[in-house]
1. Note down the magnitude of the dipole of the range 133-283 about its Cα centre, charges +1 on Lys and Arg C-beta and -1 on Asp and Glu C-beta and zero elsewhere, to the nearest 20 debye.
2. Can you tell me which lysines have their Cα less than 30 Å from the Cα of LYS91? Leave out same-chain residues fewer than eight positions away.
3. Place a +1 charge on the Cβ of each Lys and Arg in the range 136-187 and a -1 charge on the Cβ of each Asp and Glu, then give the dipole magnitude about the Cα centre in debye, rounded to the nearest 20.
4. Rank these for me by crowding, CYS132, CYS181, CYS300, going from fewest to most other beta carbons within 10 Å.
5. Can you give the net charge of the other residues whose Cβ lies under 11 Å from the Cβ of ARG264, counting K and R as +1 and D and E as -1?
6. Treating only the Cβ of Lys, Arg, Asp and Glu as charged (+1, +1, -1, -1), what charge dipole size does the chain show about its Cα centre? Round to the nearest 20 debye.
7. List, in order, the whole-Hz ³J(HN,Hα) value for each residue of the range 100-109 obtained from phi through the Karplus relation with A = 6.51, B = -1.76, C = 1.60 and θ = phi - 60°; use x for Gly and Pro.
8. Show me, for the range 144-159, the HN-Hα J-couplings you get by feeding each phi into the Karplus relation (A = 6.51, B = -1.76, C = 1.60, θ = phi - 60°), rounded to Hz, glycine and proline as x.
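Coordinate-derived values only; no laboratory data. This is a predicted model, so every value here is computed, not measured. Neighbour counts are summed over all protein chains in view; Cβ atoms, including those assigned to glycine, are modelled from backbone coordinates with ideal geometry.
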Amino acid sequence: MNKPRHFISLLDLSSDEFRTLIQRAIELKNTRSPDFQPLKGQVLAMIFEKSSTRTRISFETGMTNFGGSAIFLSPRDTQLGRGEPIRDSAKVISSMVDAIMLRTNDHATVTEFAEHSSVPVINGLTDLLHPCQLLADMQTYFEHRGDIKGKTVCWIGDGNNMCHSYINAAIQLDFKLHIACPEGYLPETEMIKSAGGDRVQLFNTAMEATNGADLVVTDVWASMGQEEEQKLRERAFKDFQITQNIMANANSDALFMHCLPAHRGEEVAAEVIDGAQSVIYDEAENRLHAQKALLELLMCA
């Protein structure tokens, strides 16, 4: 039996495939047809260790649009939550469904699950990476501004899973990435090294990082599971809020993105996220279209 194709990281796509997937997502968005059901009769199992709005709705709706169905599984509903070995769960679940999406804490859970799964496994988010969000972010940029090759993207805030996936996107789509994080909250050194050369540059201040930026992106200061660090992080990140002054230092046609949920007045000023440069709602909707293109790629092969 052929090994299934998984989507654990953006690096699982070639650069050409990434661009083709973005164009396909735009096409699917603009030509919605109830008669197009390439996944009729197929089932996606969705395993959630972390709560979700956009990930769950987009995958479930995408499968329904394509004539298939999705099953929502939380640790409370399955033996995974009672300590069943990941390999056993992967072998059993993959024998009954056509693809599996995991949104989990530990990245190793997804990689081990994929190793033992007989169907495609999709990384819906881990502590290391959030590749599905980058598909939507890049689709949004392409829709508004065209190809991102040669452009400059500015990441401000926590060097988290989103930041790591932006590093992977910079490699695959050939753009420059400026990163500004407080001391102690930098992205993993190996991730930065993987980009090679000067593709990824680190800056001490948000203002410096936005020089020449075509896209400015941020995320919450405390992600799920880090709530007890909220006060500590508020102090560490206080100079890394994206304000109108910070945006004014970027290129005049720069876009602003945030994967949501957002905390106005913390990582971003309300006037920025609700302003003319913000494309957060297009970005959120594009989770659906980008993931439909991904499902089609993995499940119709």
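1. On the way: 11 positive and 24 negative charges, 64 e Å.
For the range 133-283, the charge dipole is close to 300 debye.
2. LYS3, LYS40, LYS50, LYS292
3. Numbers: 4 positive and 6 negative charges, 36 e Å.
The dipole of the range 136-187 has a size of about 180 debye.
4. Working: CYS132 26, CYS181 23, CYS300 10.
Going from least to most buried by this count: CYS300, CYS181, CYS132.
5. It works out to a net charge of -4.
6. Details: 28 positive and 41 negative charges, 135 e Å.
Computed charge dipole of the chain: roughly 640 debye.
7. 9, 10, 10, 10, 9, 7, 8, 4, 4, 4
8. Result, rounded to whole Hz: 8, 10, x, 4, 8, 4, x, 7, 10, 10, 10, 9, 10, x, 7, x.
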